[in-house]
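S.K.: Got a structure for you, questions after.
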Amino acid sequence: MKKNLFSFRLAFAILLFYPFFLKAEPDSGMTPKKALQQLMNGNGRYIIDKLEHPNRTLERRQSLSAKQEPFAIIIGCSDSRVSPEIVFDQGLGDLFVVRIAGNVLGPIELSSAQYSAEYLHSSLIFVLGHENCGAVNAVLNHQTKDIEPIAKNIETAIHNNKINFSNNALENAIKANVRWVVQELRKNELIANLIKEKKIEVVGGYYHLDTGKVELCCDIQ
Ligand SMILES: [Zn+2]
């Protein structure tokens, strides 16, 4: 009888403290695959106009006041039509967003992504290009006078990827730019190590302005 009581108390103690053991684990069960699925599910809801607006309550806000663990990093364009929390239907504390015209990757953008990857334990970096990107279009049309630092990054991306200019030159250039940023991120030492440990993955996508669809792209090996 006494033995049974001891077993019961032990089981109760384990149950009581189990959540604390779980909390000690920084990634709390999130994986690159699950993170990508969560984004694509949200985009699916957005496409058919069935938004859930998750994680936007007062409780969520207060639970994040001491710390954040965004499951994904988005490197996206500043374009007003491509807001990551909206197109992926996510909420507070879900996404660590780096937004810059042309979704380029300079030293500042890279260090922002590294910060979230290393210290906030994000499981995915999603590079999000989009249809009719004005910054990429400006580069193709040699109208880069006012966006020189951004244009330089895009030019490098385009020159380092074989682009078909005869058909859909703008779309091809936008996708080449996404591909370049993904490749550069994967080459980064810190991120490469996290990939090796299966803690993070880097993918690229192309957003369609009219349908709202985020298509995984862009011939990334
Ligand atoms: Zn853009």
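S.K.: Please list 66-79, 40-53, 169-182 highest first by mean number of surrounding beta-carbon atoms within 10 Å per residue.
M.R.: 169-182, 66-79, 40-53
S.K.: Can I ask one more? Sort by residue number and name the cysteines in the chain that have no neighbouring cysteine Cβ under 4.7 Å.
M.R.: C77, C133, each lacking another Cys Cβ under 4.7 Å.
S.K.: Report, to one decimal in Å, the Kirkwood hydrodynamic radius for the stretch 43-156 based on all distinct Cα pairs.
M.R.: Taking the inverse mean of 1/r over all distinct Cα pairs, the stretch 43-156 comes out at 15.4 Å.
S.K.: Given a 1.4 Å probe, how much area per residue of the chain is accessible, in Å²?
M.R.: Per residue, the chain has an accessible area of 59 Å².
S.K.: Between the stretch 130-150 and the stretch 50-108, what is the C-alpha centre distance in whole Å?
M.R.: Rounded to whole Å, the Cα centres lie 24 Å apart.
S.K.: If amide H atoms are built 1.01 Å from N in the plane of the peptide, which residues on other chains or at least 5 residues away come under 5 Å of the amide H of H130?
M.R.: Correct list: Y207.
S.K.: Is there a quick way to get the dipole size of the chain? I mean about its Cα centre, with the Cβ of Lys and Arg at +1 and of Asp and Glu at -1; what is the value in debye to the nearest 20?
M.R.: The calculated dipole for the chain is roughly 1020 debye.
S.K.: So what's the convex hull volume per residue for the Cα atoms of the stretch 133-199, in Å³?
M.R.: Here the figure is 101 Å³ per residue.
S.K.: Additional query: Under 5 Å between amide hydrogens, which residues at least 5 positions from I74 or on another chain qualify, with H placed 1.01 Å from N in the peptide plane?
M.R.: Hits under the 5 Å cutoff: F96, V97, V98, F126.
S.K.: For the chain, find the longest principal axis of its Cα atoms and tell me its angle to the long axis of helix 2-24, 0 to 90°, nearest 10.
M.R.: Rounded to the nearest ten degrees, it is 20.
S.K.: Show the residues, 5+ positions off or on another chain, whose built amide H is closer than 5 Å to the amide H of V202.
M.R.: For V202, whose amide H was placed from the backbone, the distant partners under 5 Å are I125.
S.K.: While we're looking at this one, here's another question. Could you work out the helix-only [θ] at 222 nm for the chain, with each DSSP H run of four or more residues adding -39,500 (n - 2.57) and the total divided by the number of residues, to the nearest 500 deg cm²/dmol?
M.R.: For the chain, the value works out to -15000 deg cm²/dmol.
S.K.: In whole percent, and with a 1.4 Å probe on the protein chains, what portion of the accessible area of the stretch 93-221 is carbon and sulfur?
M.R.: 49
S.K.: Continuing with the same structure: Which number comes out as Rg/Rh for the chain once both Rg and the Kirkwood Rh are worked out on C-alpha atoms?
M.R.: Reported Rg/Rh (Cα atoms, Kirkwood Rh): 1.10.
S.K.: How many lysine pairs in the stretch 105-217, separated by 8 or more positions in sequence or lying on different chains, have Cα atoms less than 22 Å apart?
M.R.: Lysine pairs meeting both conditions in the stretch 105-217 amount to 10.
S.K.: If you plug each phi of the stretch 190-197 into the Karplus form 6.51 cos²θ - 1.76 cosθ + 1.60 with θ = phi - 60°, what whole-Hz ³J(HN,Hα) values come out, in order, with x for Gly and Pro?
M.R.: 4, 5, 4, 5, 5, 5, 4, 7
S.K.: Another one. Residue by residue through the stretch 100-115, which ³J(HN,Hα) values in whole Hz follow from phi under the Karplus form 6.51 cos²θ - 1.76 cosθ + 1.60 (θ = phi - 60°), with glycine and proline marked x?
M.R.: For the stretch 100-115, the Karplus curve yields 7, 3, x, 5, 7, 10, x, x, 5, 5, 4, 5, 4, 5, 4, 4 Hz.
The values are calculated or read from the model by the stated rules, or taken from the named source; none is laboratory data. Every value quoted in this text rests on a predicted model; they were computed, and no experiment measured them. Every residue, glycine among them, receives a Cβ derived from its backbone with ideal geometry; neighbour counts consider all protein chains shown. These area figures cover heavy atoms from the full protein model, side chains too; ligands, DNA and RNA do not enter into them. Shrake-Rupley method; radii C 1.70, N 1.55, O 1.52, S 1.80 Å.
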